[in-house]
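Structure first, then comments.
The values are calculated or read from the model by the stated rules, or taken from the named source; none is laboratory data. Given the structure is predicted, the values throughout are model-derived calculations rather than measurements. A quick note on method: Cβ atoms are made from the backbone with ideal geometry, for glycine too, and the neighbour counts reach across all protein chains shown. Surface accessibility is based on the protein's heavy atoms, side chains included, excluding ligands, DNA and RNA. Shrake-Rupley method; radii C 1.70, N 1.55, O 1.52, S 1.80 Å.
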Amino acid sequence: MPYAQGVNQNTYIKLEGVGGTLDPAVAWIPLRLITNGLSQSVEELESDEMLPGRHMAESRSGVSSVTGDLEAELTFGTFDMLLEAAFHGTWTDNVLKTGSTRRKFAILKHNEDIGRWLIYRGCEVGTVAIDCPLQGKIGITFSMIGTKEEAYVFDAVEESIADPTETVMMTTFEGSLTEGGTGLNHATALNLSLDNGMEAIYRLFSRDAYDIKLGRINVSGSLSAYIEDDRLKAKYLGETKTPLVITLTDGENSYQVSMTRAKLTTSSEEGSGDDPIIQSYDFRAFNDQAVDTEITITRIPA
């Protein structure tokens, strides 16, 4: 008997219309993922009733919620729709800034080997995180929050699936990082995230989420580097805000990530014996009124 395997699981996404409507004329867009962790969980309400013989009274179902991570290797053009939703902004002339525009998606999970389709409704991007490890693949993770999981029947006559992108993954063998306008050519790791402070809110007499609360923009991350001088330590001790610009590329296409008012908030050093000493910092990026954003992404196609 066939069973579901990760290698045969595909994920597709489409913007929802008013009231969660789906336009069959709009093709589902394939997402090139490592892992689709979306699932619906239901809280169990345990009874406190005291029964004879130490037995437990029957429990009931509580609120339900849809959450999970979409994990992937960063490829150019594949996740621009989700990046736009994470920033709550709009791509304008290949530039994306933070804003307050909300976008909700329907996400399909298809297990080809057993013919199962699941749909996740009302999905929004709560957090996007980009991970740049030493000598590795650049990873991107979208932490999603939605309202409902349901079985789905895909109509092959009325619905269609677009072709996937064909760009290759980006790595940390290429690209660059500058701090204060000068190359930080001794960096060893970098990660950053944009957290929108989103969470489900509920109402009486319903298990499903009433809505999803949108919080404040929180851009933060960490970086580490060999110690060549005291430039980073001086910025940390002086609480000096500094521009950080990261260029991520596949050798042809690039994303340039800019934070013009980044502040180093914690500091540590580690290393002993013959090992190089590594300096590590957490940072947070604040809104720059001149550009009206904490963080900007610029698309640079080949």
Work out how much length SER61 to GLU49 would gain on full extension: take 0.36 nm times their residue separation and subtract the Cα-Cα distance, in nm to one decimal.
2.7 nm
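Over the chain, what is the relative contact order in whole percent, taking alpha-carbon pairs under 8 Å and six or more residues apart? Write out the running numbers ahead of the final one.
On the way: 743 pairs, mean separation 50.6, N = 302.
Normalised by residue count, the contact order of the chain is 17 percent.
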Note the direction-averaged projected area, equal to a quarter of the hull surface, for the Cα convex hull of the range 169-227, in nm².
7.0
The chain, convex hull of Cα, quarter of hull surface, nm² -> 23.4
Output for the range 214-252: trypsin sites (Lys or Arg not before Pro) sitting in coil per DSSP, at most 11 other Cβ within 10 Å, listed by number, reads ARG216
So the carbon and sulfur contribution to the accessible area of the range 157-302, 1.4 Å probe, in percent, is 47
At q = 0.12, 0.20 Å⁻¹, what base-10 log of I(q)/I(0) does the Debye formula yield for the range 1-121 when every alpha carbon is treated as an equal point scatterer in vacuo?
-0.62, -1.23
Can you tell me the length gained on complete extension of the stretch THR35 to ARG103, counting 0.36 nm per residue apart and subtracting the Cα distance?
22.3 nm
